[in-house]
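Enquirer: Below you will find the structure I want to go over with you.
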Amino acid sequence: MFSCTGFAAEAASAPLARFSFERRDTGPTDVRIEILFCGVCHSDLHTARNEWHFTVYPCVPGHEIVGRVVEVGSAVTKFKVGDRVGVGCMVDSCRECASCAEGLEQYCENGNTGTYNSPDKDTGHTFGGYSSHIVVEQDFVLRIPENLDLAAAAPLLCAGITTYSPLRHWGAGPGKRVGVAGLGGLGHMGVKLAHAMGAHVTVITTSQSKVADARALGADEVILSTSPDDMAAHANSLDLIIDAISADHPVDAYARLVKRDGAIVLVGAPENPLSIAAFTLLAKRRSFAGSGIGGIAETQEMLDFCAEHNVLSDIEIIPIQKINDAYERMLKSDVKYRFVIDMASLGTAA
Ligand code: NAP
Ligand code: ZN
Ligand code: ZN
């Protein structure tokens, strides 16, 4: 075992603070990574504050990790010291079930191992990327293409793949009208990716102040969800909505924007159940679906797609000492559009 420093929440109501812990030594198929940047996902906040009711403390969040390989195990073939790499929301899975066999490790039938807050045989539970180093099995490490800025690539590891995967699964592309609800970290990636795939993109936002940004990010149209007239004017107009909203919201009203045979796909994970009327679905044969992150091969495909299409996150870099302030600002939608922690700040005073 070796010592790491990071930031952790010790309880749901406690602010994150400096925390020392141990990680396993680099095993034969492991890669040890010095973390350079880590994105701040709303899931980190949900977990740190136990909004999903299964957090194990102390909790070191962070699953949008980029860094450099500093050590490889004796049997590692995929990476070498110095490589630019990333780690997303998973660090392992059973690798034997039908989902794993299909490259859908996120849906592992025996439960994937989350980058944080999952059982771990060496450390009790996993600790995430708000930390100096991480040790990960090589099959769960991603390669960051050389032309992608490392800090702005960090959010691709969760926000990027979580929107890319359903866009691909539901066939976003030329001739498809795609809505993105909630212009936050996930939403802004959804807009950029759907636009790069050639879809017609409509942002559905509560924030009048984001209308110009939405267009600059690649939206062709913007709907203000706070305006019943605007919502009614766009009824039955979209093939697919990626719903990336982090809080309780009237999903039924959003679903009515979907055309016959279209789908509204939840990627946002609000604390409480959402409500949808039977007739909203059956009267137009609409689907109400969900989607979780993406598999490892698809995550690499997404990174390569971003490299080819020059897609990166719009970020605000913060020192780790600002993480609690960043959580409050994220709750107020006061971020354009993803905070990324510069992990060099861990070396400075708390
Ligand atoms: P975020 O940056 O905080 O963005 C959330 C956006 O939701 C806000 O910018 C806001 O957009 C909108 N919103 C917030 N409160 C709202 C309300 N009461 N009514 C309507 N809209 C509201 O969060 P994020 O990091 O993108 O994450 C979004 C959600 O996805 C979180 O719940 C997160 O846990 C979840 N998530 C799921 C997966 C997965 O695998 N499915 C992966 C990662 C994250 P506007 O200002 O445009 O209205
Ligand atoms: Zn996330
Ligand atoms: Zn499995």
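The values are calculated or read from the model by the stated rules, or taken from the named source; none is laboratory data. All figures in this text were calculated on a predicted structure; none of them were measured in a lab. Every residue, glycine among them, receives a Cβ derived from its backbone with ideal geometry; neighbour counts consider all protein chains shown. The area values use the complete protein model at the heavy-atom level, side chains included, leaving out ligands, DNA and RNA. Shrake-Rupley method; radii C 1.70, N 1.55, O 1.52, S 1.80 Å.
Enquirer: If Gly175 satisfies all but one of (1) in the same structural domain as Arg256 (by TED's automatic domain parsing); (2) away from ligand 2 (no atom under 16 Å from the Cβ); (3) touching a Cys at 6+ places or on another chain (Cβ under 9 Å), what's the number of the condition it fails?
Expert: Going through (1) in the same structural domain as Arg256 (by TED's automatic domain parsing); (2) away from ligand 2 (no atom under 16 Å from the Cβ); (3) touching a Cys at 6+ places or on another chain (Cβ under 9 Å) one by one, Gly175 breaks only (3).
Enquirer: Kindly indicate whether any position in region 326-335 is in the same structural domain as Ala152 (by TED's automatic domain parsing) and β-branched (Val, Ile, Thr).
Expert: yes
Enquirer: For region 233-254, what are the residues that are without any contact (Cβ under 8 Å) to a residue 60 or more places away in the chain, of a type in the set (A, V, I, L, M, F, W, C) and either closer than 17 Å to Asn272 by Cβ or part of a loop (DSSP other than H, G, I, E, B) (or both)?
Expert: Once the filter is applied, which keeps residues that are without any contact (Cβ under 8 Å) to a residue 60 or more places away in the chain, of a type in the set (A, V, I, L, M, F, W, C) and either closer than 17 Å to Asn272 by Cβ or part of a loop (DSSP other than H, G, I, E, B) (or both), region 233-254 yields Ala235, Ala247, Val251, Ala253.
Enquirer: Now for a different question. Within region 48-69, is even one residue open to solvent by 20 Å² or more (accessible area, probe 1.4 Å), within 16 Å of ligand 2 (Cβ to nearest atom) and of a type in the set (A, V, I, L, M, F, W, C)?
Expert: The answer is yes, given that some residue of region 48-69 is open to solvent by 20 Å² or more (accessible area, probe 1.4 Å), within 16 Å of ligand 2 (Cβ to nearest atom) and of a type in the set (A, V, I, L, M, F, W, C).
Enquirer: Additional query: Given (1) in contact (Cβ under 8 Å) with a residue 12 or more places away in the chain; (2) part of a loop (DSSP other than H, G, I, E, B), identify the lone condition not met by Pro273.
Expert: The number of the failed condition is (1).
Enquirer: Which of (1) out of contact with any Asp or Glu (no Cβ under 7 Å at 6 or more places or on another chain); (2) under 19 Å from Ser345 (Cβ atoms); (3) open to solvent by 20 Å² or more (accessible area, probe 1.4 Å) does Asp44 not meet, given it meets every other one?
Expert: That leaves (3) as the condition not met.
For every residue, the table says whether it meets (1) open to solvent by less than 10 Å² (accessible area, probe 1.4 Å); (2) closer than 27 Å to Cys38 by Cβ; (3) away from ligand 2 (no atom under 16 Å from the Cβ).
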residue: Leu186; (1), (2), (3): no, yes, no
residue: Ala194; (1), (2), (3): yes, yes, yes
residue: Thr202; (1), (2), (3): yes, no, yes
residue: Asp220; (1), (2), (3): no, no, yes
residue: Ser227; (1), (2), (3): no, no, yes
residue: His234; (1), (2), (3): no, no, yes
residue: Leu238; (1), (2), (3): yes, no, yes
residue: Ala244; (1), (2), (3): no, yes, no
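Enquirer: Would you be able to tell me the number of residues in region 96-139 that are within 16 Å of ligand 1 (Cβ to nearest atom) and in a helix (DSSP H, G or I)?
Expert: The number of residues fulfilling the criteria is 4.
Enquirer: Right, here's the next one. Taking the condition of being assigned to a loop (DSSP other than H, G, I, E, B) and more than 16 Å from ligand 1 (Cβ to nearest atom), how many residues in region 276-310 meet it?
Expert: Total meeting the criteria: 6.
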